[in-house]
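Encoded as structure tokens, the structure appears first; notes follow it.
The values are calculated or read from the model by the stated rules, or taken from the named source; none is laboratory data. These numbers come from a predicted model, not from an experiment. Ideal geometry is used to build each Cβ from the backbone, glycine not excepted, and the neighbour counts take in all protein chains shown.
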Amino acid sequence: MTVQTNRYKRTVDKSLIPTCNIMGVNIAAINMEWLLEYIEKNLKNIKGDYICVANVHTTVMAFEDDEYKEIQNGGIMAIPDGGPLSSVGKQRGFTNMSRTTGPNLMEEIFKKNKYKHFFYGSTQETLKKLEKNIKKKYPEIQIVGLYSPPFRKLTKEEDEKAIKFINTYNPDFVWIGLGAPKQEKWMADHLGKINGLMIGVGAGFDYFAGNIKRAPQWMQKRSLEWLYRLMQDPGRLFYRYLNTNTKFIWNTLVRRK
């Protein structure tokens with residue numbers, strides 16, 4: 001797969017976004033305040049584009065897979081969800097760079113109560129719980145649509161129907177919860193086809209649905225949320241973290257890629 005940027009012509013200058021290249025991925029060297037201001041100022045012109053929420057796992061995957069690296073670098077930006085990414089950025093001179101997590105970004109956008117939101121991914125049960133919880137916390141929020149795709153590749157007809165369904169509601173934000181790398185590949189494949197700004201937030205759906213809990217604030221501030229998730233799901237995450245974290249440390253601290 002190749003990112004088909006020829007069908008989507010950006011009207012904003014992507015080069016104005018500061019980036020720190022970490023293992024081949026251009027991670028946005030930003031903080032949450034900068035990101036929110038950028039999105040609000042440029043939303044009209046970046047609808048149809050996508051934002052990747054990057055962490056150690058996705059960065060290592062991109063380092064080992066040129067196609068996925070192209071996808072990570074092919075959107076409007078890849079934000080530093082993982083604390084180690086912003087730490088490396090600061091070590092390399094980007095002093096204002098700080099962690100901008102997917103769930104935190106969602107929360108900050110939800111607070112504004114002036115945008116239309118569409119949620120694509122996960123299960124129908126999770127989507128219903130997510131909608132209920134978000135509306136309870138933000139009664140005025142506009143959730144215009146929910147769609148749980150089948151756990152298989154959609155046919156061309158099914159995909160066209162899904163695109164039409166999303167665009168019918170003309171959302172400002174299309175939150176994608178398919179998990180990495182599936183969600184990033186989906187966004188790249190739909191670049192210029194979806195009316196809203198696509199943001200792949202992975203576990204963000206489960207957090208807001210209440211399926212999993214976020215780490216305490218003190219752990220989040222110390223970039224230890226990965227440890228909290230590991231304690232919640234050691235069977236699935238232990239070997240992933242062992243593998244990706246080792247490669248990340250070797251390449252960023254020893255080889256300095």
Open item on the list: Testing Met219 on (1) of a type in the set (A, V, I, L, M, F, W, C); (2) assigned to a helix (DSSP H, G or I); (3) modelled with pLDDT under 75, one condition comes back false. Which one is that?
Closed with: (3)
- [ ] Write out, first by first residue and then by second, each pair whose Cβ atoms fall under 9 Å of each other, whose residues are 6+ apart or on separate chains, and whose first residue, in the range 56-78, is buried (at least 20 other Cβ atoms within 10 Å of the Cβ) and among the charged types (D, E, K, R) while the second is part of a strand (DSSP E or B) and modelled with pLDDT of 95 or more.
- [x] none
Open item on the list: Would you confirm whether or not the range 105-121 contains a residue that is in contact with a helix residue (DSSP H, G or I) (Cβ under 9 Å, 6 or more places away or on another chain), crowded, with 16+ Cβ neighbours inside 10 Å and within 30 Å of Leu253 (Cα to Cα)?
Closed with: yes
Open item on the list: Restricting to the range 13-28, and then to whatever is polar (S, T, N, Q) and surrounded by fewer than 16 Cβ atoms within 10 Å (Cβ to Cβ), can you tell me which residue is nearest to Asn96 (Cα to Cα)?
Closed with: Asn21
- [ ] Filter the range 26-50 for residues that are among the β-branched types (Val, Ile, Thr) and not in a helix (DSSP H, G or I) and give the result.
- [x] Ile27, Ile30
Open item on the list: With the structure loaded, tell me whether Ile249 is free of Cβ contacts under 8 Å to residues at least 60 places away in the same chain, over 26 Å from Gly82 (Cα atoms) and part of a helix (DSSP H, G or I) or whether it fails that test.
Closed with: no
Open item on the list: Going through Gly83, Gly93 one at a time, which residue ends up being in contact with a Lys or Arg (Cβ under 7 Å, 6 or more places away or on another chain) and among the small types (Gly, Ala, Ser)?
Closed with: Gly83
TODO: Check Met231 against each of (1) over 19 Å from Phe151 (Cβ atoms); (2) out of contact with any strand residue (DSSP E or B) (no Cβ under 6 Å at 6 or more places or on another chain); (3) not in a helix (DSSP H, G or I) and name the one condition it does not meet.
DONE: (3)
Task: the range 163-181, residues that are out of contact with any helix residue (DSSP H, G or I) (no Cβ under 8 Å at 6 or more places or on another chain) and of a type outside the set (S, T, N, Q) - done: Ile163, Lys164, Phe165, Ile166, Tyr169, Pro171, Gly179
Task: Flag for Val53 being buried (at least 19 other Cβ atoms within 10 Å of the Cβ), in contact (Cβ under 8 Å) with a residue 24 or more places away in the chain and not in a helix (DSSP H, G or I) - done: yes
Task: Residues of the range 225-248 satisfying the condition of being at pLDDT 75 or above, among the hydrophobic types (A, V, I, L, M, F, W, C) and either on the phi > 0 side of the Ramachandran plot or surrounded by 13 or more Cβ atoms within 10 Å (Cβ to Cβ) (or both) - done: Phe248
- [ ] Would you list the helices (runs of 4 or more DSSP H) that sit entirely within the range 66-112 and hold 1 or more residues that are under 17 Å from Lys185 (Cβ atoms) and among the acidic types (Asp, Glu)?
- [x] 66-74
